[in-house]
Each structure stands twice: as C-alpha cells, then as structure tokens.
Amino acid sequence: MGQRVKEKELKGVIPGLLRIFSKFSPYIHQQKVLIICSFLALLFETSLRLLEPWPLKYVFDHILIPAHNNSANIPNTHGFHPVLLLTLSAVAIVVISGLGSIAAYLSTYGMSLAVVRILSEVRRNVFNHLQHLSLSFHQKSKSGDLITRVTADIEKMRTVAVKTALPLLTNIFSMLGMLAIMLWLNWELALLVMAIFPLLMLLTSNMISRIRKFAKKHRDSEGVLAATTGETIGAIKIVQVLSLQEMLHNVFSAQNQKSLDEAIESIRLSAALERTVQILMAIIVAVVLWRGSHAVLHKELTPGELLVFMTYLKNAFEPMRRLSNQVGQIAKATASGERVVEVLDYEPNVKDLPGVKPAHPFFGAVRFENVAFGYDSSEEIIKDISFIVQPGQQVALVGPSGSGKSTLLSLILRLYDPESGRILIDGQDIREYTVQSLRQQISVVLQDSVLFAVSVKENIAYGKLGATDKEVEKAARLANAHEFIMKLPQGYDTILGDRGGTISGGQRQRIAIARAAIRQAPIVILDEPTTGLDKKSEYIVNSALAKLTQGRTTFVISHNLKAVENADMILYVEGGRILEQGTHRELICLGGHYATLYRMQSVVDIEAGDIYAVEA
Ligand code: ADP
C-alpha cells in the first residue's frame with residue numbers, strides 16, 4: 001500500500017514539478033551562474049564522499065595485510081617507507097573530509113541563496129499579480145487562501161528545496177557514484193546489494209506510510225484542538241452565560257485524548273521502524289560480508305575493497321531510508337508550488353489592450369451607449385443603459401437597493417468591463433485608455449471607506465502618490481478634516497488602527513474625502529458616502545463633499561433624495577434599467593417612481609421630525 005501511495009505521489013509530482021520549473025524559469029535563469037557554480041561544488045563534494053573509504057582500503061591492502069602476512073614485516077609499499085605512507089593516508093582522510101566539507105558548505109550556501117532569491121522574486125511577482133487581478137477574481141477567492149499562497153506555500157517550497165531536495169540530489173549523485181564503483185570492483189556483489197535495497201524499501205514502506213498516516217491524523221487533531229480553544233475563548237461570554245464550561249471541557253478532553261493516542265501511535269511506529277531497519281540492516285551487512293568474504297578468499301576482491309563495499313553500504317543506507325519521507329515532502333512542496341503557479345496563470349479580465357495610450361487630462365464628458373453587464377453570464381445586472389453627462393454635471397443615481405447603481409459606477413472605473421455596449425469619456429471608449437491613467441482621473445468615496453493602518457498623512461497621500469505635506473493639508477482642510485486631525489495625538493502622523501478603527505465614522509469619511517480631493521480628479525464617484533452617519537456628521541461630510549465635487553463631473557448614489565434634489569440629472573434605476581431620467585422638478589412633474597419615492601421619504605422625514613421634536 002505504501003508503494004502505491006508513493007507511486008501516486010510521484011505521478012503527480014513530476015508533471016507538477018515541470019509546470020513549476022517552466023513557470024519559474026525566468027527567475028531560475030537569472031540565478032544560473034550561482035546554480036551552475038553550486039552544482040559543480042555539489043559534484044566535487046560527491047566525488048570526495050566516494051573517496052572517503054579509499055585511504056583505509058590502501059592502508060589495509062598495501063600496508064597492514066602484507067605486513068601481517070610477511071614474517072619479515074616488510075610490506076609491499078612500492079619502495080616507500082610504510083610510516084610515510086601511513087601518515088599520508090591519515091592526512092588524506094583529513095584532507096578529503098576537509099575539502100568535502102568546504103564543497104558541501106559552498107554548494108549548500110550557493111543553492112540556498114539561489115532558491116531564496118528565486119522564491120523571493122516569485123513572491124514579489126505573485127503579490128504584484130494579485131493586486132492587478134480583477135475584482136471578479138478577488139470576489140470569488142477567499143482572502144485567507146490567497147494570503148497562504150503568498151506566505152506559507154512559498155515558505156514550504158523554500159524549506160523543502162533547501163532542506164530536502166538539495167540533500168536528496170547530493171544523495172542520489174553519491175549513490176549513483178557508489179554503485180558505479182561497486183560494479184567496477186565486483187559486479188556480482190554490486191548486483192547483490194542492488195537487489196537487496198529495493199527489498200528493504202518494500203519491507204519498510206508500509207510502516208513508513210502508516211507513520212505518515214498517524215502523523216497526519218495527529219496534526220489534524222491538533223488543528224481541531226486549536227479550533228475548539230479558539231472558538232471557546234472567542235465566545236467566552238456566551239460560554240459563561242450559558243454555563244457551557246463543563247460540556248466544552250468534556251469535548252476538549254476527548255479531543256485531547258485522541259490527539260495524544262495518535263501521537264503515541266506514531267512514536268511507537270517510528271521506534272518499531274528504527275529497530276526493524278536495524279535488524280534488516282544487520283541481515284544485509286551479514287549477507288554482503290558473507291558473500292564478500294568468499295570473494296576475498298577466492299581472490300576476486302581484496303580485503304580493502306570489501307571494506308569499501310561495507311562502508312558504501314552503510315553510507316547509502318541512511319539516505320535510502322529517508323527517501324520515502326523526502327518524496328512525501330517534495331510532493332507537498334509541489335502541491336504548494338502549483339497553488340502559486342495557479343495564481344500566476346490567472347489572467348486579469350480587465351487589462352490594457354494592446355497599443356492603448358495613457359489618457360489625456362479629462363474634461364469629464366461621460367457617455368453610456370447601450371451598456372449591458374452581469375457578474376455571471378447567466379444574469380444581466382445592467383441592461384441596455386444609455387445616457388450622456390456633460391463635463392461638470394452632477395448626476396444622482398437613485399432607486400431600490402440591488403437595482404445595479406454601484407455596479408453601473410464600477411463600470412466607469414473599469415473594475416469590470418461591459419459585456420456589450422461601451423462607455424465613453426471625452427468621446428473615446430474607456431478601453432482605449434490605459435487602466436491606470438483612467439483610474440487616476442477618478443476620485444471615489446464609498447460608504448464604508450477603508451483606511452490603511454498607516455499615518456493619517458499617508459492615508460491622504462495614497463490618493464496622489466508623492467503628494468507634499470502642503471497638498472495633504474490643503475486636501476484635509478477642504479474635507480473639513482484639518483481641525484480634528486490636529487487634535488489627534490500625533491496630528492497628521494497619528495497611525496490609524498486597523499481599518500481606521502481609532503476614529504469615528506464621520507472622521508473616517510472626511511479622511512477618505514481628503515484622499516479623494518488630493519487627486520484633483522475631473523470625475524468624482526460617491527457611493528452613499530453619508531449612510532450610517534449621525535445628522536451632525538452627515539452635515540459636516542456633506543459640506544466637505546460639496547467642496548470636493550464643485551466643478552467636477554460627479555456621480556452620486558444616495559438613498560436620501562433630499563440630498564440630491566439639486567443634481568443636474570437624476571437617474572432612477574430599477575432592475576438594472578434607467579426607468580426615469582431628468583431633473584428633480586421634471587421627475588416630480590412626471591409623477592412616476594421617483595415622485596412616489598420622494599413623497600414616501602418626505603412623510604417618513606416629517607414623522608421622524610415629529611419624533612425628534614417630541615424627544616426634544
Ligand atoms: P445597488 O448599488 O443598486 O444597491 P448593486 O450594483 O450593488 O446594487 O447590485 C446589483 C445586483 O448585483 C445585486 O443583485 C447584487 O446582489 C449583485 N451583485 C453586486 N455585486 C456583485 C458581485 N461582486 N458578484 C455578484 N453579484 C453581485
């Protein structure tokens with residue numbers, strides 16, 4: 001069964017590895033000098049490893065045994081003094097080992113450096129690629145999964161490449177070398193060794209796969225334990241209120257015991273494997289010794305050569321034993337690598353078409369021509385929409401939730417491209433401008449503005465990279481934000497908490513408005529920027545927005561019809577279509593959907609006003 005597992009792993013590993021190598025080949029190419037030098041050092045190290053038992057063989061065959069056999073104690077040393085030869089052999093042992101260590105150091109350091117450089121370049125590219133992938137990709141993906149691909153998956157590849165694949169490569173080379181030398185010394189004995197090793201692997205692979213199974217079960221159980229602990233502590237209030245401690249304690253105890261049992265079983269199997277291997281190894285050594293001694297007695301092999309055989313046997317054994325585990329590790333790292341390649345293979349839907357040029361500074365004329373769009377091909381969210389906006393006009397989009405207003409505005413930003421029809425700015429299809437130059441000329445304020453966990457100053461300057469402190473302050477003043485920023489502990493240098501958590505909703509919106517204002521963009525998009533704010537904050541934010549949008553083509557989505565009744569054009573959107581279009585006065589006269597909604601809101605406002613009055 002173990003064998004089958006390995007075959008299955010291997011089958012997936014090789015095409016996967018090829019895919020990863022071909023995707024990473026530009027980065028590998030950049031490090032080719034380092035890789036070649038390290039590889040040469042690795043070959044040198046392998047050759048020295050093969051040489052290790054040879055001084056001993058020489059001493060045995062040419063000094064000790066002849067000396068032992070010869071009563072006059074004059075060994076066959078080709079005329080050299082035996083003590084000199086012994087000394088040279090002793091020095092050779094140290095030199096071989098010393099040079100081998102230096103070569104090993106150089107190859108490990110060189111290869112690791114190459115791997116780290118390649119993978120950090122890959123990581124940089126994956127991060128950048130992720131930023132450019134379309135919203136449709138990000139909305140379908142789980143952010144935790146993407147984070148794991150950038151961090152843990154690349155780290156797994158690095159660890160396995162340095163700690164597993166590299167030693168494996170060294171071992172494979174030295175085993176091939178050993179085999180060649182053994183065949184040269186005595187092919188019969190070499191074939192015997194070659195036949196024994198697969199037998200050994202067959203006998204142990206079953207145990208190894210059982211150990212792996214238990215180790216995996218143990219890891220899963222540890223995960224369950226961590227999840228139970230996390231959930232319990234996360235919901236400690238409700239746990240205490242409902243007195244669930246006893247029940248959760250029992251659940252935890254059972255999981256704890258299960259994890260313990262699995263850990264012990266995996267330790268027991270490992271110990272059993274060690275001992276089994278020890279016995280099997282003794283049997284192999286005995287067989288080779290027995291057969292080898294026969295060869296020595298028949299003068300087919302010298303005693304020193306038998307010594308080389310036995311040393312190679314011992315040296316080859318440990319790497320062989322680890323092979324199965326290493327294949328498993330490489331299979332896991334390959335899976336990680338494929339996850340990374342998957343991200344890199346994903347093409348952004350919205351991208352610059354060939355030959356497009358950066359946009360000129362916009363005047364702000366926007367035109368929709370029979371635009372249709374759907375997130376899924378099965379359902380159209382925007383249906384055949386056409387309208388024209390003159391530069392500097394204020395356009396309000398109103399209508400029920402889910403009617404497609406935000407989607408419509410996201411098309412202007414090219415967060416998605418329409419399925420049919422086109423959107424023109426200053427008379428030219430927006431797909432004929434580079435995406436970056438288009439977006440740079442549009443300012444956006446959303447309902448729940450996201451601020452980054454950096455200083456207030458940087459948050460505002462993100463609207464225009466490279467903005468000066470003066471520009472930041474000017475934008476903040478325009479957004480009615482300067483006064484409250486100055487009252488923050490470190491003023492503009494105050495670092496905001498995660499998602500701007502350390503300031504109020506209204507203040508967050510005003511920083512977002514400053515970030516939008518600093519761009520001085522000719523087109524402004526406001527997607528319900530005052531929803532969820534109290535009356536006072538709404539008033540301050542609205543006055544900031546009025547300054548932001550002055551003289552610029554503005555699209556505003558609002559549920560509060562009173563706030564947009566002065567717009568140059570109101571689009572009433574429902575079910576992905578524009579049902580009514582005109583000024584407030586025109587739409588009221590029309591007496592349709594807008595007029596009904598406006599009347600309903602006025603009634604609610606009056607009632608709310610009454611309530612406030614009563615409360616006051
Ligand atoms: P509105 O702004 O008028 O409230 P939206 O444009 O947000 O409407 O949504 C229009 C429709 O599109 C809704 O049915 C909504 O569920 C759907 N929708 C919005 N965003 C996505 C998305 N990223 N993927 C799939 N469907 C979406």
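The values are calculated or read from the model by the stated rules, or taken from the named source; none is laboratory data. What you see is a predicted model; the values in this text were computed from it and never measured. FYI the Cβ positions are ideal-geometry reconstructions off the backbone, even for glycines, and counts take in every protein chain you see. Note: accessible area is taken over every heavy atom of the protein model, side chains too, but ligands, DNA and RNA are not part of it. Shrake-Rupley method; radii C 1.70, N 1.55, O 1.52, S 1.80 Å.
Below, the figures for the structure above:
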{"item": "Failed criterion for Arg422 (all others in (1) open to solvent by 60 Å² or more (accessible area, probe 1.4 Å); (2) of a type in the set (Lys, Arg); (3) within 16 Å of the ligand (Cβ to nearest atom) hold)", "result": "(3)"}
{"item": "Any hit, region 207-223, residues being closer than 26 Å to Asn315 by Cα and open to solvent by 50 Å² or more (accessible area, probe 1.4 Å)", "result": "yes"}
{"item": "Identity of the residue in region 438-457, under 16 Å from Ile518 (Cα atoms) and out of contact with any helix residue (DSSP H, G or I) (no Cβ under 9 Å at 6 or more places or on another chain), that ends up most open to solvent (accessible area, probe 1.4 Å)", "result": "Gln440"}
{"item": "Tally of residues being farther than 13 Å from Met182 by Cβ and in a helix (DSSP H, G or I) across region 270-313", "result": "26"}
{"item": "Meets criteria (open to solvent by 50 Å² or more (accessible area, probe 1.4 Å) and in the same structural domain as Glu300 (by TED's automatic domain parsing)) for Arg149", "result": "no"}
{"item": "Among residues of region 400-414, those that are at positive phi and more than 7 Å from the ligand (Cβ to nearest atom), counted", "result": "1"}
{"item": "Selection count where residues are surrounded by fewer than 15 Cβ atoms within 10 Å (Cβ to Cβ) and either within 16 Å of the ligand (Cβ to nearest atom) or not assigned by TED's automatic domain parsing to the domain that holds Gln436 (or both), scope region 376-396", "result": "4"}
{"item": "Cβ-Cβ under 7 Å pairs, at least 6 apart or on other chains, region 183-198 side in contact (Cβ under 8 Å) with a residue 60 or more places away in the chain, far side surrounded by fewer than 17 Cβ atoms within 10 Å (Cβ to Cβ) and not in a helix (DSSP H, G or I)", "result": "Asn186/Glu300"}
{"item": "Listing of helices (runs of 4 or more DSSP H) fully contained in region 123-212 that carry 1 or more residues being among the hydroxyl-bearing types (Ser, Thr, Tyr) and closer than 21 Å to Leu17 by Cβ", "result": "143-148, 154-160, 166-185"}
{"item": "Residues satisfying the stated conditions in region 132-162, i.e. away from the ligand (no atom under 16 Å from the Cβ) and over 12 Å from the mean Cα position of the chain (by Cα)", "result": "His132, Arg158, Thr159, Val160, Ala161, Val162"}
{"item": "Verdict on Ile154 being of a type in the set (Val, Ile, Thr) and over 22 Å from Pro319 (Cβ atoms)", "result": "yes"}
{"item": "Complete set of residues in region 475-504 that are surrounded by fewer than 17 Cβ atoms within 10 Å (Cβ to Cβ), without any contact (Cβ under 8 Å) to a residue 40 or more places away in the chain and part of a helix (DSSP H, G or I)", "result": "Arg477, Glu483, Met486, Lys487, Gly491, Asp493"}
{"item": "Residue within region 352-360 that is open to solvent by less than 60 Å² (accessible area, probe 1.4 Å) and not in a helix (DSSP H, G or I) present", "result": "yes"}
{"item": "Search result, residues across region 224-247 that are open to solvent by less than 80 Å² (accessible area, probe 1.4 Å) and part of a helix (DSSP H, G or I)", "result": "Val224, Leu225, Ala226, Ala227, Thr228, Thr229, Gly230, Thr232, Gly234, Ile236, Val239"}
